[in-house]
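Here is the structure we will look at.
The values are calculated or read from the model by the stated rules, or taken from the named source; none is laboratory data. Note that the structure is a prediction, hence the values are computed from the model and not measured. Cβ sites come from the backbone with ideal geometry, for glycine too, and all protein chains shown count toward neighbours.
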Amino acid sequence: MCATTRADWLSGRPEVADILYPALPGSAGHALWARDYTGAASIFGVVMQGGDEAAAHALMSALDLFGLGYSWGGFESLITHETGQVAGRKAPPALAGELLRLHIGLEDPTDLIADLEQGLMAWRAQQDSNLQPSA
C-alpha cells in the first residue's frame, strides 16, 4: 500500500501531530477499518504540530512532485491546505495545528518521501523565521 507507507513515514516525523488515515495501524478508527475493509484509498490528512498558514504554504511551495489540488484517485500526488475549510464548519475539530490533505499518486515512493522531506525542511525554516525577533 503506497499511501500507508507515506502515512507511516509522516507519522514518525516531529513536525506531525497526527495522521488522519484509518488504514494506518494505531490511527483512530483502525479497528473498525480493519474489520470492515480490505483496502484503502490513497487520501489522508496530516495534522501538523502547530504552525500557521505561512508554514503550510512554505511546505507546499517547496514540493516538486506534489501538485496543488483535489483528487479522488488520479495518478498524480496532490496536496491541499485544509485548515480554513474545516475551521468554517459548525463544529470544527480541535486540531493540534495546520491540516494538510495528501493524495498519494503513482510516483516512486522513495522520490515522494524525498519530496515530503524537502517540504518539511521548508516548514521548519518558516517556523524558525516566525520565532526570530523583529528588527
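When every residue of the stretch 23-41 is checked against the conditions, none turns out to be modelled with pLDDT of 95 or more, of a type in the set (Gly, Ala, Ser) and in contact with a strand residue (DSSP E or B) (Cβ under 7 Å, 6 or more places away or on another chain). Of the residues that make up the stretch 102-116, is at least one under 13 Å from Leu59 (Cβ atoms), surrounded by fewer than 17 Cβ atoms within 10 Å (Cβ to Cβ) and under 14 Å from the mean Cα position of the chain (by Cα)? Within the stretch 102-116, none of the residues are under 13 Å from Leu59 (Cβ atoms), surrounded by fewer than 17 Cβ atoms within 10 Å (Cβ to Cβ) and under 14 Å from the mean Cα position of the chain (by Cα).
Can you confirm whether Pro22 is assigned to a loop (DSSP other than H, G, I, E, B) and either surrounded by 18 or more Cβ atoms within 10 Å (Cβ to Cβ) or of a type in the set (Val, Ile, Thr) (or both)?
Working: assigned to a loop (DSSP other than H, G, I, E, B): yes; either surrounded by 18 or more Cβ atoms within 10 Å (Cβ to Cβ) or of a type in the set (Val, Ile, Thr) (or both): yes.
Judged against the criteria, Pro22 is a match.
Selection of the stretch 10-35 for residues being under 11 Å from the mean Cα position of the chain (by Cα) and aromatic (Phe, Trp, Tyr) yields only Tyr21.
Every residue, every condition in (1) aliphatic (A, V, I, L, M); (2) at pLDDT 90 or above; (3) out of contact with any Pro (no Cβ under 6 Å at 6 or more places or on another chain), yes or no:
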| site | (1), (2), (3) |
| --- | --- |
| Gly67 | no, yes, yes |
| Trp72 | no, no, yes |
| Ile79 | yes, yes, yes |
| Val86 | yes, no, no |
| Ala94 | yes, no, yes |
| Leu102 | yes, yes, yes |
| Ile113 | yes, yes, yes |
